[in-house]
1. Can you tell me the accessible area per residue over the stretch 6-55, all protein chains present, probe 1.4 angstrom, in square angstrom?
2. Summarise the accessible area of the stretch 1-50 (1.4 Å probe, protein heavy atoms) by the percent that is carbon and sulfur.
Amino acid sequence: MADQDTLGYEQARDELVDVVRRLEAGGSTLEESLALWERGEQLAKVCRDWLEGARARLDAALALESGGAGEGPEAAEEE
């Protein structure tokens, strides 16, 4: 397994899909299932962090494009 800090979004997502598949298939011991669950939680966090970073970059780009504050997706939600 790759180090959590070096995983790209797609790698983490693919490994998470594999973890879920293995858990759903059953046949693992309780200890193995717990280890898989914990790894799945780590991978989900990696994916979440990548997506949050992407959203922040998009929001920043949209704010620059629109000329500054009060013009992003957050402003539309407030109206």
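The values are calculated or read from the model by the stated rules, or taken from the named source; none is laboratory data. Predicted, not measured: the structure shown is a model, and the values here were computed from it. Heavy atoms of the whole protein, side chains included, go into the accessibility calculation; ligands, DNA and RNA do not. Shrake-Rupley method; radii C 1.70, N 1.55, O 1.52, S 1.80 Å.
1. Numbers: 3590 Å² over 50 residues.
Here the residues of the stretch 6-55 average 72 Å² of exposed surface.
2. Numbers: 1960 of 3660 Å².
Looking at the stretch 1-50 in its full context, I get 54 percent from C and S.
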